[in-house]
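Bear in mind that the values in this text are calculations on the coordinates, not laboratory data. Quick caveat: nothing in here was measured; it's all calculated off a predicted structure. Please note: Cβ atoms are built from the backbone with ideal geometry, for glycine as well, and neighbour counts cover all protein chains shown.
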Amino acid sequence: MANIELSKAYEAKEVEDNIYKKWEESGYFNPDNLPSQSEGKFVVCMPPPNVTGVLHLGHALENSLMDTELRYQRMKGKRALLIPGTDHAAVATQARVEGNLRKEGMLNPRQELGREGLLNKIREYAENSKTTILSQIRKMGTSCDWSRLAYTFDEPRSRAVNTLFKKMYDDALIYRGYRVVNWSVKGQSTCSDDELVYQPQKSKLYTFKYSADFPIAIASTRPETKLGDVAVAVHPNDERYQKYIGQKFTIDLGAKEKQTITIIADEAVDPKYGTGAIGVTPAHSQIDFEMYQKNKEISIVPVIGKDGKMLEAAGKYQGFGLLEAREKLVEWLKENNLLIKEEDIENNIGTSDRFGDVVEALPMEQWFVDVNKIIPGRNKTLKDLMREAVTSGHNNQEEKKIIINPDQFHNIYLHWIDNLRDWCISRQIWWGHRIPVAYCDKCQKNFYTEEESPLCPKCQAQARRDDDTLDTWFSSGAWTFSTLGWPDNKEELNKFHPTEWMQMGYEILFFWMARMILMTTYALDDIPFKNVYIHGILRAKDGRKFSKSLGNGLDPLEVINQYGTDALRLSLMKGITPGNDARFYEEKVEASRNFVNKLWNISRFILGKIEAEKVKNIKERPEAKTLADKWLLNKLDGIILKTTKELDNHNFSLAAEILYEFTWSDFADWYLEIAKIENGKDEILIYTLKTLLKLWHPYIPFVTEEIWNKLGEEKMLLIEKWPTVGKIHENDSNK
RNA sequence: GGGCGCAUAGCUCAGCUGGUUAGAGCACUUCGUUUACACCGAAGGGGUCCAGGGUUCGAAUCCUUGUGCGCCCACCA
């Protein structure tokens, strides 16, 4: 009887693709095909990568996390399901493609290509990118169910988006309103509050009076907006200004017809800051707009347009750029001795995350989700639902409480909800779910429709379909249930929703987690997931972020090519803790590659000295004959218990370290050396090896599966049972 | 302004609800070509666990103050 021979070193490149193919063909990535097991389900939705490009190391980390968790649960006997998918990433993708077209020399892609033409370009780009991404996910060894592959912009997901929109529209939680929104001049679109990136900048703060006889001085870094001022707000208890509250003044900033300024009182004003008075510009400030809503007596005067230039209401400055208008106005203030102070300050300015330009606050008609309105029949607002899910549990059910790991994000999330304003969901870009609403000019009404060119249901007149598209997070928010059959396939939904686990980076906590909770609690009256694992971001060795502009990025595929997927996965999983950033560099991968090879050589040694037939037949924990045997087996039992416990708590790094230490120091360096000089250790060697392969499989699936296969096992390691510590252990300790 | 996190060996980091000589990887020193592995083995050096104060029989671990670094939110008055 011959022994099994292994090559001297593990060659990842030669085996990984084949193994993945075998796994995929086995059908076991689909829980419906798993051998009958009754341990319950374990469902995870993959955070869908944006189809804006290729996968980076952050994605590799996420795939490692999800797949390790999934494989562990599958081996524990759960019906494990990981749903793969991609995200059309509305603004991000359109901005990317438009940028590329501009680089190729097209000045205005929207104008030159038109809606359909540009959409075709974007679609082409997205499809290419999608294909690449999906093959990369396979390369990572991710055991996801490809039969359930989803895309936020595909047919079933679009149906879910429309259904969801209609439900909210019918409940009047979605409304069309005239509000101050964030406007990107470059992108010619709105963006939500969360899409703003604040950047520090040096600016000048001007303190001045509107006119010589005006009693209160105000300060501003943007005097040009003062042409849109309609009021001055002071704190109601401010003794200096109390006597003026309610008075109206007429001013002339030398640019246009006279402006009327009303002195109003508002709690939002800090009497200690600046002059203790604010010039109120409802059209170009969020806070000022709120004052406008509260005070019926003041009006709203937009002076800045969508093109970023001054409007007609700015009088003689009409058509001027903002900076130009500012300079002229300041000059005028100086000339008229109205400027009191000019100081340099540092403040933050909101810029568009995707287009990069400074975002203007402009008032316009947009679609919003009302987060503060009572939901019909629920006696709660969307905000309430978002809070409840992480505090008392959805509908006050303890078992429907979302656990956030690490828990410091719990309060951050709640604090974010407190500050949450109505969510602007309409975007003036073309790549995305078209808003399913049309307007009838005759009836002056809008109505829900999915048709391109609908007729008004009331008067049968031709109606205009809304041109805008939905914020991409509207579809992402529905991800956990749109991927599981909602609204059509109730069976699938009942079987798998809510999901068990979700992992994501803290940078999209608000974007995504919050919206999933909002959408799911509202639409399904349930939570989207039970546990959220927040991971940090990966940084270069010097602590800087990986970025294209720095050129310090590492391509996961190149790392895999050089070291193997297992090495990459292990290096990503070791040394990470939830919520904290981790550094990633080549030496780490090298160390992991060395370990993978170590495991390979442990197997090579054992298989080289024991007959194949014997190897195959040993399944049970053998008897310990010597002190060393006993020590090793007891230690192994402890390792099984610890690894299981740490994995149950999602302490991936810790579990890996425990295993690493045992495998290398105890088993390889110590016990294997004993086995070289003492006989009768075959059973223990094989049993320990097999147990270790199972314990390691979630982290390094390829090499373990390959060795498992060499052992002559018939079943795949993929669906082997997770090791447990049985009775034998208790008997042993009595000896 | 409000909130959060981090500070442990040269470097990158583990150390959960406090308990024997503080750990790992990489790097370093010396030795070793013993047929599993040089992607290796053996031995070893290296830490006042940021600082001060406190709780405790006992603290890297809990409390408090401070210092340094990082992040989030608010803010364009």
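Observations, loosely collected:
- By the beta-carbon count within 10 Å of each Cβ, the least crowded to most crowded order of A:TYR198, A:TYR699, fewest first, is A:TYR198, A:TYR699.
- Computed about its Cα centre, the charge dipole of the range A:612-735 is approximately 280 debye, with only Lys, Arg, Asp and Glu carrying charge at their Cβ.
- The local environment of A:ARG465, defined by Cβ-Cβ distances under 11 Å, has a net charge of -4 under the rule Lys, Arg +1 and Asp, Glu -1.
- Only Lys, Arg (+1) and Asp, Glu (-1) charged, at Cβ; chain A dipole about Cα centre in debye: 300
- Spin-label model distance (nm) - A:SER665 vs A:GLU290, 7 Å beyond Cα toward Cβ: 5.7
- Whole-Å distance, taken between Cα centres, linking the range A:518-579 and the range A:174-223: 36
- J(HN,Hα) series, the range A:678-689, from Karplus relation 6.51 cos²θ - 1.76 cosθ + 1.60, nearest Hz, glycine and proline x: 10, 8, x, 9, 3, 4, 5, 4, 5, 4, 5, 4
- Segments A:257-265, A:199-207 sorted - mean Cβ within 10 Å per residue, highest first: A:257-265, A:199-207
- Ranked packing of A:308-317, A:219-228, most packed first, by mean Cβ within 10 Å: A:219-228, A:308-317
- Three-way shape call for the range A:573-642 based on the alpha-carbon gyration tensor, with the a/c threshold at 1.5: oblate
- Taking a ≥ b ≥ c as the square roots of the eigenvalues of the Cα gyration tensor, the range A:598-735 is classed as rounded, since a/c falls below 1.5.
- Between A:VAL43 and A:LEU81, A:GLU500, A:TRP501, the built amide H atoms are under 5 Å apart, and every one of these is 5 or more places off in sequence or on another chain.
- Normalising the average separation of contacting C-alpha pairs (under 8 angstrom, six or more residues apart) by the number of residues puts the relative contact order of the range A:340-398 at 14 percent.
- Cα long-axis angle, helix A:90-103 against chain A (0 to 90 degrees, to the nearest 10): 80
- Counting DSSP beta bridges with both ends in the range A:223-379, the antiparallel % (nearest 5): 75
- Taking other residues whose beta carbon is less than 9 angstrom from the beta carbon of A:VAL91, and scoring Lys, Arg as +1 and Asp, Glu as -1, yields -1.
- Dipole orientation for the range A:475-575: of the candidates A:GLN503, A:TYR522, A:SER547, A:SER547 has the Cα lying most toward the positive pole (charges on Cβ; Lys, Arg +1; Asp, Glu -1).
- In terms of its C-alpha gyration tensor, the range A:38-180 has an oblate overall shape, because the principal axis ratio a/c (a ≥ b ≥ c, square roots of the eigenvalues) is not below 1.5 and a/b does not outweigh b/c.
- The simple Förster model, with R0 at 45 Å and r as the Cβ-Cβ distance, assigns A:LYS630 and A:SER547 a FRET efficiency of 0.25.
- Selection among A:CYS443, A:LEU420, A:ILE404 by position relative to the dipole of the range A:387-455 gives A:CYS443 as farthest towards the positive end (Cβ unit charges, Cα centre).
- Kirkwood estimate for the range A:635-692, i.e. one over the average of 1/r between Cα atoms, Å: 12.1
- Basic side chains Lys and Arg get +1 at the Cβ, acidic Asp and Glu get -1 at the Cβ, and with that the dipole of the range A:667-708 about its Cα centre reaches some 100 debye.
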